[in-house]
Structure formats: C-alpha cells, structure tokens
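Below is one structure, written out as structure tokens; comments come after it.
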Amino acid sequence: MMKGKHIILGICGGIAAYKSVYLLRLLVKAGADVQVVITPAGKEFITPVTLSSLSGHPVISEFFTANTGSWNSHVDLGLWADAMVIAPATASTIGKMANGIADNMLVTTYLSAKCPVFLAPAMDLDMMAHPSTSRNLELLRSYGNHIIEPGVGELASHLVGKGRMEEPENIVKAMEAYFASKCDLSGRRVLITAGPTYERIDPVRFIGNYSSGKMGFAIAEECARRGAEVTLVSGPVSLKCSNPHIKRIDVESARQMLSAAGEAFAGSDVAIMCAAVADYYVENQADSKIKRENNEIPQIKLQRNPDIAATLGANNRPGQVLVGFALETDYEAVNAKLKIEKKNLDFIVLNSLRDKDACFGTDTNKVTIISRDGSEKPFGLKPKADVAKDVVDEVVARLQK
Ligand code: CTP
C-alpha cells in the first residue's frame, strides 16, 4: 500500500520524537519515499543526521538552506506528497496549524499540502485535556485532517493519562487503511495510450503532432495511485513516470502502438485511449536521408493507419470499459458522439481547441464527458491531474455498474 508513495514526515519538539525515528524506518521499509520536515524545537529532541540517514534525503527545517542560501519550497513539497504525517504533533504546532500561523517550515508545508494529512498528537495529559487543544483538534478535523488519537499511559511527566503518541506501527496501519479505502481500482488492469505517434519519412524526418502526453501520463499516475496495474503505451514524449505500478512501453508509430496496446488489451479491465494517433503513415519511407540536391521535389505517399481504439472496440468483451478522447475544433459534441459509435466506446472525453489553456502541451484542460446515451457532463478548466481524477471517477462508476 505504501510502495512508491511520497510521504512528508513532520516532527515537532516533544519527547515522543524518538518514536518518529522508528516511524520513519517503518515507512521506508514499506517502500515509501519519505521527506522529513522538522520544527526547530524538534531538533532539540532528535538529530537531523539520524533522520537524513534513514530517509535518504536532507532534512528540511528552515525556509532557507544556510550554506547555499537556496529556498526550501514548501509549495513544491506540498504538491509532491501523497500524504503528510505529523508525529509527534505538539499542542503548539496543532494550534498553529488550526489557525494558519505559518512561522516555520512544517506549518507552511502543511498549509500548502493538497494531500491527506495525519496527525498523531503527543503531550501531557493536562495539555491534551485543555479546551484550547480540543478546539484546535476539532478545527483540524473539520478541515478534513485525520487525527490519530493518542493513547493512555505513563507520560514524560510520569503522570498517567491520555497523551501518549500512538505507536508507529498503528500510525502506519492508519495510513495504509486510508490508502486502501482510496484504492477503488485495486486488482484492476488498465491500459492507456498516450502522446503522439511519429510516422517516419526518412531516418531524420517524421510526420507527428503537438501532443505532449501530459493528459495520458496524468491518467496513468491517477490509476496507479488508486491501486491499478497500469500498462502505459506511449509515443515519443519527454515525460517520466513516478509510480512503480506503471509498466511503460515506448513506441514510435501508430502500428507499433496498436501492436503493444492490442497485446495488453486482452488482459485489461479498462482501456483509455489518450494518444493523438497519426491517421496516416508514409508508404514510401526512405532508408537514407532524402537529399535536397536531388532535382525532384519528393512526394510522400500516405497510407491509412489502423484505428487503435476502433480495433480494440471491435474486440471488446463484456464488462471491459473502453474510453476515448476527442480533440475537436468544430461541431465538437456532434463529432465526439459519432466517435463513440464508430469506435464502440463506453464514453468519450471531449476537449475543444477553441478553449483557451485546454490544448496540447498545457498543464490544464477543460473537458466534457459524453456517454453512449448522449448525456454530457461538462467540467471547468483545471489542472490535468484533476481532470485525470474526473475521468478515472467515471471509469470506476462504470466498473461498479
Ligand atoms: N484513435 C486511435 N487510433 C487512431 C486514431 C484515433 O486509437 N488511428 C483514438 C484516439 O486515441 C482517441 C480517439 O480515437 O481516443 C479519437 O481520436 P481523434 O484523432 O480525435 O479521431 P479520429 O478517429 O482520428 O478522427 P478525426 O481525426 O477525423 O477527428
């Protein structure tokens, strides 16, 4: 469940910080990539050297790295993370988080994080019982944060009561349970095509298109995050995959893409055709570079490429979900609906080149999901990662039908 997950471990200044070392070990052992962010007070209890050795990353504590002057971007960290866990969470940090007092790296990172946040409070029993702590925890809960309740036992003060940080094993279990509940594609195999195809003219030239692959790659990451085993058949792009549950197959031409996708399709529950496939290939490809000095202007003879989506759609077995994309410039909905029929799709994701910031290469997209029954679900302009969530939600709804 934790394999490949990006986790921020926030450590505050409390005696329970010694347990954070063990928590860090457990997370790393479970396959997570962990970045530690520690408050200045936290460093009084546990040294960054121990934490950086175990995590494999320099520990972040200050807004700037003193010797280089470089800025530690809490915004980038917040976007990188799949989850943030703050253990121990002291009364002071809980108060700052609840009220947006961003005076250290840990709280600013928390405020920037878009991922689920877990807190394991640890403090003395009277601090824990104080109405201000209860109110702050209630506020944090109301923001959607997950509070891992402290246990009852002997505390640092030698008093006995509620305030002991939950054991690291149980913190990991709580996080795993959360991720398991989000894994609505667990056990499913998803095939995705992405990027452009290149159709070779000669060894140095090709016919291609502007597709960057960003939309397909975002969908692949989203499916893998939700528990699927993903086969991503990609045309030539400069993107990287980060999730280990994505098996990437790089191809160049439409015919190579069909061969790879066709092979993976039989074992797939879902196929999402995101690639911008060239409709034609060059029949008279040259084996050597075509030279300008030749007197004649070269003639490129085109031949029709296979329609990958339609080929898969014709071999669809019951229960398999097949999704297409349509990038249109005119009569968008009409054209998209025709493609649903022609390719035997369950639904199509339409975007219009007329929408600003919703085309090739951008980080945002604006889509309408159109179903076989003709119903249309329009969405606003959003980051491609969020569009991916909408598309995958629609896939999951079909699988559950
Ligand atoms: N598609 C495909 N193989 C092709 C062409 C398209 O798998 N040879 C898929 C795309 O990945 C997309 C859908 O079919 O999911 C629609 O692609 P698009 O290029 O919009 O449609 P075409 O069928 O090529 O029609 P046209 O170019 O006339 O709009």
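Each reported figure results from applying straightforward, stated rules to the coordinates on display, with no laboratory input. Since this is a predicted model, take the numbers as computed values, not measurements. Cβ placement follows ideal geometry from the backbone for every residue including glycine, while neighbour counts extend to all protein chains displayed.
The table below lists the values:
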quantity: Helix 168-181 vs. the chain, principal-axis angle (Cα, 0 to 90°, nearest 10); calculated: 30 degrees
quantity: Reachable aspartates and glutamates from Lys382, criterion Cα separation under 13 angstrom, eight or more residues apart if same chain; calculated: Asp355, Asp357, Asp363, Asp390
quantity: Structure-based [θ]222 nm, the chain - -39500 (n - 2.57) summed over DSSP H runs of at least 4, per residue, nearest 500; calculated: -10000 deg cm²/dmol
quantity: Inter-centroid distance (Cα atoms) of the range 171-227 relative to the range 296-320, Å; calculated: 21 Å
quantity: Which listed pairs, of Lys3/Lys247; Lys356/Lys384; Lys247/Lys343, have C-alpha distances above 19 Å, in listed order; calculated: Lys247/Lys343
quantity: 18 Å Cα-Cα reach of Lys339 towards lysines, excluding residues that sit fewer than 8 places from it in its own chain; calculated: Lys377
quantity: DSSP-defined beta bridges in the chain - what % are antiparallel, rounded to 5; calculated: 30 percent
quantity: Rh by Kirkwood over Cα pairs, then Stokes-Einstein D for the chain at 1.567 mPa s and 4 °C, µm²/s; calculated: 54 µm²/s
quantity: Exposure proxy ranking, count of Cβ atoms within 10 Å, fewest first, for Val85, Val334, Val277; calculated: Val334, Val277, Val85
quantity: Cross-link reach list, lysines versus Lys162, counting only Cα pairs under 29 Å and skipping chain neighbours closer than eight places; calculated: Lys19, Lys43, Lys96, Lys173
quantity: Relative contact order %, the chain, counting alpha carbon pairs below 8 Å whose residues are six or more apart; calculated: 11 percent
quantity: Counting DSSP beta bridges with both ends in the range 189-400, the antiparallel % (nearest 5); calculated: 35 percent
quantity: Cα shape, the range 6-181, gyration tensor, a/c 1.5 rule; calculated: rounded
quantity: Spatial separation of Cα centroids for the range 39-80 and the range 236-281, in angstrom; calculated: 39 Å
